[in-house]
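Before any comments, here is the structure.
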Amino acid sequence: MGLRKISFDAQVSLPVRYKDHTVSNALKMDLVIANQLIVELKAVDSINDVHKAQLLTYLRLSGLKTGLIINFNVKLLKHGILRLVS
């Protein structure tokens, strides 16, 4: 099997603009895959509304449409994955 070459960037800065001010390193997305998917990595008891709001904010500000929250603090990884679409 060959390796797939899927581009990704880690710790991507997301600037926040308010009126005439821009904060260039205000937010950092964990992973951006192929300039299409945001992945936020967590190790928490459960994914809650704050985590969902964080990802939805990243989606809105970046202009991307799809994101995943992956929580590694679960017995089966498939139970720790949440997909959000804006």
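For a straight C-alpha distance cut-off of 20 angstrom, the aspartates and glutamates reachable from Lys75 (same-chain residues fewer than eight places away being disregarded) are Glu40, Asp45. Helical runs (DSSP H, four residues minimum) scored at -39500 (n - 2.57) apiece and divided by the length of the chain put the mean residue ellipticity at 222 nm at -5000 deg cm²/dmol.
Take every Cα pair under 8 Å in region 8-85 that's 6+ residues apart, average their separations, divide by the length, and report that relative contact order as a whole percent.
Taking the mean separation of contacting Cα pairs over the length of region 8-85, I get 25 percent.
Rounded to the nearest whole Hz, the Karplus-based 3J(HN,Hα) values (6.51 cos²θ - 1.76 cosθ + 1.60, θ = phi - 60°) of region 46-60 follow the sequence 7, 6, 10, 4, 5, 5, 5, 4, 4, 5, 4, 5, 4, 4, 5, with x at glycine and proline.
Within region 8-85, DSSP assigns beta bridges of which about 75% are antiparallel (rounded to the nearest 5). Taking every alpha-carbon pair in the chain and binning the separations at 10 Å intervals from zero gives 16, 44, 30, 8, 1, 0 percent. Per-residue Karplus couplings for region 65-70, computed as 6.51 cos²θ - 1.76 cosθ + 1.60 with θ equal to phi - 60°, are listed in order as 10, 10, x, 10, 10, 10 Hz, Gly and Pro entered as x.
Under a point-charge model restricted to the Cβ atoms of Lys and Arg (+1) and Asp and Glu (-1), what is the dipole moment magnitude of the chain relative to its Cα centre, in debye to the nearest 20?
Computed about the Cα centre, the dipole is about 240 debye.
All of the numbers you see were taken from the coordinates with simple rules; none came from a lab. Values in this document were obtained by computation on a predicted structure and should not be read as measured data. Here the Cβ is made from the backbone with ideal geometry for all residues, glycine too, and neighbour counts use every protein chain on show.
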